[in-house]
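See below for the structure under consideration.
The values are calculated or read from the model by the stated rules, or taken from the named source; none is laboratory data. Being a predicted model, the structure only gives us computed values, none of them experimental. Heads up, the Cβs are rebuilt from the backbone with ideal geometry, glycines too, and the neighbour counts pull from every protein chain shown.
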Amino acid sequence: MDREISLTVNGESVTARVAPRKSLVDFLRETLGLTGSHVGCEHGVCGACTVRVGGEIVRGCLTLAVQADGAVVETVEGVSDSGEIAALQAAFLERNALQCGFCTPGILLTATALLKENPAPSREEIREYLSGNYCRCTGYQAIVDAVETAAETIRGGGR
Amino acid sequence: MSDKPLSIQDLPNSYIGRTVPRPNARRLLEGRGCFVDDITLPRLAHVAFLRSPYAHAEIKSIDFAAAADCPGVIRIVEGREMAKHCTPWVGVLSHMVGLKSAPQYALAVGRVRWQGEPVVAVVAQSRAQAEDALALIEVEYEELPAVVDMETALDAATPLIHPELGDNLAFERKVDAGDVDAAFAEADAVVEETFHYGRHTGVTLEPRVTLADYNAGDRKLTVHMSSQAPHMMKNIFAVHMGIDEDDVRVICKDVGGSFGIKIHTYPDEMAAVALSIMLKRPVKFLADRLESYTSDIHARDHRVTAKMAVKDGRITAIEMDDLTGIGPYSVYPRTSAVECNQVLNLVGGAYDFANYRAVGRVVLQNKNVMCQYRAVGHPIAFSVTEALVDLAARAVGMDPAELRRNSVFRDDAYPCAAASGLKFEGLSHQKSLEKLLTLMDYDGLRREQAELREQGIYRGIGLATMIEVTNPSPMFYGIGGAHISARDGVTIRLDPTGGVTAATGVTEQGQGTETMIAQIVASSVGVAMEKVRVVTGDTETTPYGGGTWASRGAGIAGEAALQSGRALRSNILDVAAAMLQADAAKLDIRAGKVVDADSGAERITLSDLAKTVYYRGNELPDGISPELMATRHYSPRQYPFAFTNGIQACWLEVDVETGFVKLLKYWVVEDCGTVINPQLVDDQIRGGVVQGIGAALFEKCEYDDQGQMLNATMADYLVPMAAEMPDIEIGHVATPTAESALGAKGAGEAGTAGAPAAVANAINDALAPLGAKVNAIPATPERILMALGKL
């Protein structure tokens with residue numbers, strides 16, 4: 001039986017009826033058309049579906065839409081439009097820290113969480129923090145480089 | 001953010017050899033790409049498949065009466081019904097002499113031959129409803145003995161997978177060059193070993209996905225696919241669905257990783273297309289991760305026994321026996337004989353020796369199918385060769401770098417041919433080797449290694465010399481009857497805005513195809529990068545072409561872009577000369593303007609020129625027929641392939657108590673001819689190396705003796721993650737191919753080709769003082785501890 005949920009997604013109030021079994025990422029993609037969060041494994045390993053719920057990054061495939069009732073949800077589209085991840089995006093573009101781009105939204109949100117916790121991470125700390133996000137294309141080095149660069153930019157007052 | 005438009009002084013050709021960011025990366029960085037699963041259409045239906053739980057079984061009965069009553073179910077189809085709408089295919093090519101396979105159906109008919117083979121398709125309003133219905137379908141199977149072990153696949157007692165084929169041997173090839181027996185008899189040392197290479201798979205982060213949209217009104221089929229080869233798929237859909245090929249359109253927008261996985265004919269995708277035609281509505285199939293592991297092609301399941309002879313400090317002979325199991329079918333249309341064939345071609349390919357004997361056998365099994373995955377055959381060939389080189393060096397007391405230095409083709413030896421028959425136009429093994437040894441400080445590392453060994457720390461250095469097949473000519477597939485274009489074209493159009501649009505048949509999966517094409521077009525026409533738009537991935541709007549595989553994008557479409565840009569430039573200058581009453585030879589195009597070639601003074605902008613041509617053609621002199629569009633094609637003809645070469649080195653530490661390997665540093669020197677965008681090339685190499693490291697250390701599709709895949713989840717099938725990967729330093733030597741004006745060769749697969757060999761050699765180098773060696777990859781901690789006698 002569908003249940004009604006109300007939540008805030010990227011600053012907009014949303015009310016919808018959803019099946020209890022529907023994952024948060026499927027709800028965002030299929031119901032709201034926010035297709036920036038990707039579905040890679042549906043068992044919480046790859047990180048492509050990473051979104052923010054109540055300010056914390058979660059796996060959108062392991063979170064049910066009904067669990068987000070009343071929550072504040074943010075996706076890659078939202079943090080792009082707000083400018084929050086502009087420094088990371090600029091560094092990723094400049095360093096080519098993405099190839100196919102399927103993992104990229106999850107990596108950007110994860111890197112954002114890292115830089116909030118630790119504004120000056122070492123390369124090893126970046127690698128460790130991102131070790132729950134698959135990237136099959138880049139070999140990770142470009143991503144580590146870009147996160148390092150973005151951290152410097154943000155520490156210098158940019159974002 | 002991006003480079004500023006280049007100044008006039010920088011042009012011409014200034015974008016070639018320059019790092020510029022990828023314009024198409026911006027949308028991906030905002031989550032605004034368009035992957036196939038992002039597309040919705042009116043009346044879109046979803047298909048899910050009931051798949052065989054057995055590796056080998058007779059289908060006795062199928063009952064889907066209960067499933068048909070489930071909410072949202074639109075149609076349920078089994079194999080015999082599906083075969084009326086989608087004809088079976090056979091994965092053979094005539095140049096793979098003797099290759100045999102059996103007809104493969106979109107849904108199994110009568111018998112299932114691997115765990116994961118699709119048996120019943122359920123179409124429903126949603127994927128969840130389709131899966132609900134699957135659970136109610138009753139299939140009665142009679143399990144048959146499964147052919148799992150390739151070593152016994154040809155035994156008389158082993159059941160036949162396709163009785164009509166007479167045996168389980170799909171393909172066999174033999175090579176015998178020079179006098180192998182004499183070379184071994186005369187050798188200073190002979191080393192021999194048996195190697196095992198694990199079956200693994202591509203793990204594209206975006207699973208395979210196909211959205212077929214048949215419009216019964218105009219009888220046209222549009223298929224949105226995550227694919228590397230849209231024109232090839234257009235032909236295949238037409239042939240097997242019985243529709244006119246001209247009525248099929250294949251669109252590939254963003255593709256979430258491919259690596260050779262998304263270039264084959266998959267039964268579930270064929271079924272989805274057939275269902276769209278049957279139901280006259282759009283139907284989508286999206287593989288879930290379990291389906292990816294059990295139905296995306298696998299690769300690399302090889303057992304190789306090989307030996308090498310060394311005399312006077314040089315390699316003189318190699319003999320090899322390669323056995324590989326490919327699953328129950330040779331995959332269509334590229335065939336599953338190619339990997340073994342490549343192994344036979346490539347073994348020893350960097351070394352100048354004359355005596356080579358090899359046999360390769362490709363056998364059928366009841367496991368998922370195997371076919372071409374990034375660097376097809378190369379990782380096996382170089383793992384075998386390079387392991388033997390290290391063993392041989394040890395046997396004759398030489399440094400492994402020294403034996404390579406003595407044995408590679410000399411840089412002044414070209415053109416020349418390998419013992420296997422491969423033809424080389426121009427390579428740089430000697431320069432590349434010396435550059436690598438300097439880059440990594442080889443002697444310094446050897447000293448460090450020796451000092452650390454005194455302290456009980458076991459570090460190893462692994463070298464891997466390699467070559468790579470790139471820029472394939474029609475000799476790769478077309479000659480054998482495959483409808484796969486070896487030729488690619490680029491059409492460039494100048495619009496009244498002064499903007500330039502380039503359309504090409506090669507495709508983008510994130511490697512930077514569109515950026516590379518834009519760089520060449522901007523340079524050859526004479527406009528800023530920002531003025532160039534590139535169209536790929538649509539059979540309706542791009543020149544007919546092969547797509548992206550075998551590292552062909554830059555070398556083949558890049559050359560077409562260069563020639564097409566030059567042709568458009570010439571057309572524009574002819575118009576400008578007529579308009580300006582000037583000599584075309586004294587004009588030039590720079591930064592979007594026609595200028596006097598000598599003074600650089602602006603004469604007319606391309607925008608103004610194009611506006612005149614399109615809007616006010618009456619102002620043009622009589623007799624002028626302006627063509628602001630040009631197309632050129634390119635296909636290599638002198639050489640079957642433009643080989644590249646490279647050498648890789650790995651520096652790692654083995655924990656001899658736990659068997660864990662820590663990668664410390666990695667170096668690559670690569671010669672891919674003219675480099676168009678250094679950053680894109682280096683990142684292709686890095687990403688490729690990391691996939692090769694995955695093969696060396698982590699990745700293996702584990703099967704039990706019933707043919708059940710045991711680790712078909714991302715949690716169980718391990719791939720390289722950020723924390724374990726080293727930084728990779730890259731150097732270049734450039735030997736452009738003289739066959740094209742651009743001189744570019746491919747770079748997409750080199751990393752994957754050499755990395756397993758370099759990592760395995762480094763592990764064995766670390767273990768050598770303990771008298772241990774590992775001859776199987778992935779070199780897991782378990783295998784290392786077993787080699788050390790600790791397990």
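Per this entry, B:Ala156 is not counted among residues that are within 30 Å of B:Phe237 (Cβ to Cβ) and either assigned by TED's automatic domain parsing to the domain that holds B:Gly360 or of a type outside the set (Val, Ile, Thr) (or both). Residue check: is A:Val66 of a type in the set (A, V, I, L, M) and free of Cβ contacts under 8 Å to residues at least 60 places away in the same chain? Criteria not met by A:Val66. Among the residues of the range B:417-454, those that are aliphatic (A, V, I, L, M) and in a loop (DSSP other than H, G, I, E, B) comprise B:Ala418, B:Ala419, B:Leu422, B:Leu427. I'd like to know if the range B:89-107 contains one or more residues that are more than 30 Å from B:Arg361 (Cβ to Cβ) and modelled with pLDDT of 95 or more. Checked the range B:89-107: at least one residue is more than 30 Å from B:Arg361 (Cβ to Cβ) and modelled with pLDDT of 95 or more. Residues in the range A:18-52 that are surrounded by 21 or more Cβ atoms within 10 Å (Cβ to Cβ) and part of a helix (DSSP H, G or I) were compared, and the one that is farthest from the other protein chains (Cβ to nearest Cβ) is A:Leu24. For the range B:32-75, a residue qualifies if it is of a type in the set (Gly, Ala, Ser) and surrounded by fewer than 21 Cβ atoms within 10 Å (Cβ to Cβ), and the qualifying residues are B:Ser61, B:Ala65, B:Ala66, B:Ala68, B:Gly72. A count restricted to the range A:110-140 and to residues that are in contact with a Lys or Arg (Cβ under 6 Å, 6 or more places away or on another chain) and either of a type in the set (A, V, I, L, M) or over 23 Å from B:Tyr717 (Cβ atoms) (or both) stands at 1. Summed over the range B:247-273, the residues that are of a type outside the set (D, E, K, R) and within 14 Å of chain A (Cβ to nearest Cβ) give a count of 8. Of the strands (runs of 3 or more DSSP E) lying entirely inside the range B:86-189, those carrying at least 1 residues that are in contact with a Phe, Trp or Tyr (Cβ under 7 Å, 6 or more places away or on another chain) and closer than 21 Å to B:Ser292 by Cα are B:118-124. Reported count of residues in the range A:81-103, each being surrounded by fewer than 22 Cβ atoms within 10 Å (Cβ to Cβ), within 10 Å of another protein chain (Cβ to nearest Cβ) and not hydrophobic (A, V, I, L, M, F, W, C), is 2.
Each residue in the range B:286-304 was checked for being surrounded by 24 or more Cβ atoms within 10 Å (Cβ to Cβ) and part of a strand (DSSP E or B), and 4 pass. Scan the range B:189-209 residue by residue and report those that are closer than 20 Å to B:Val376 by Cα, among the β-branched types (Val, Ile, Thr) and touching a strand residue (DSSP E or B) at 6+ places or on another chain (Cβ under 8 Å). B:Thr201 - this is the single residue of the range B:189-209 that is closer than 20 Å to B:Val376 by Cα, among the β-branched types (Val, Ile, Thr) and touching a strand residue (DSSP E or B) at 6+ places or on another chain (Cβ under 8 Å).
In summary, helices (runs of 4 or more DSSP H) completely within the range B:305-409 and bearing 3 or more residues that are assigned by TED's automatic domain parsing to the domain that holds B:Cys650 and buried (at least 24 other Cβ atoms within 10 Å of the Cβ) occur at B:338-346, B:378-396.
Is there a residue being under 24 Å from the mean Cα position of the chain (by Cα), part of a helix (DSSP H, G or I) and more than 14 Å from chain A (Cβ to nearest Cβ) anywhere in the range B:744-753? The answer is yes; a qualifying residue exists.
With respect to B:Arg32, is the statement that it is in contact with a helix residue (DSSP H, G or I) (Cβ under 9 Å, 6 or more places away or on another chain), within 14 Å of chain A (Cβ to nearest Cβ) and not in a helix (DSSP H, G or I) true? Against the criterion (in contact with a helix residue (DSSP H, G or I) (Cβ under 9 Å, 6 or more places away or on another chain), within 14 Å of chain A (Cβ to nearest Cβ) and not in a helix (DSSP H, G or I)), B:Arg32 qualifies. Assess whether B:Ala601 counts as being without any contact (Cβ under 8 Å) to a residue 12 or more places away in the chain, more than 22 Å from B:Thr470 (Cβ to Cβ) and not charged (D, E, K, R). Yes: the conditions hold for B:Ala601.
Just one of the listed residues (A:Gly78, A:Gly106) is facing chain B (nearest Cβ under 10 Å) and touching a strand residue (DSSP E or B) at 6+ places or on another chain (Cβ under 6 Å), namely A:Gly106. When B:Ser625, B:Ser599 are checked against the criterion of being polar (S, T, N, Q), loosely packed, with under 15 Cβ neighbours inside 10 Å and modelled with pLDDT of 95 or more, a single residue qualifies: B:Ser599.
Scan the range B:684-729 for residues that are more than 10 Å from chain A (Cβ to nearest Cβ) and of a type in the set (A, V, I, L, M) and the total you get is 7. How many of the residues making up the range A:120-159 are under 18 Å from the mean Cα position of the chain (by Cα), more than 10 Å from every other protein chain (Cβ to nearest Cβ) and not in a helix (DSSP H, G or I)? Total satisfying the criteria: 1.
Residues satisfying the criterion are absent from the range B:507-521 (criterion: over 29 Å from A:Gly139 (Cβ atoms), touching a strand residue (DSSP E or B) at 6+ places or on another chain (Cβ under 9 Å) and modelled with pLDDT of 95 or more). Can you confirm whether B:Ala102 is of a type in the set (A, V, I, L, M, F, W, C) and closer than 24 Å to B:Asp213 by Cα? So B:Ala102 does not fit the description; no.
Being closer than 18 Å to B:Asn355 by Cα and among the aliphatic types (A, V, I, L, M) is a property that B:Val310 has.
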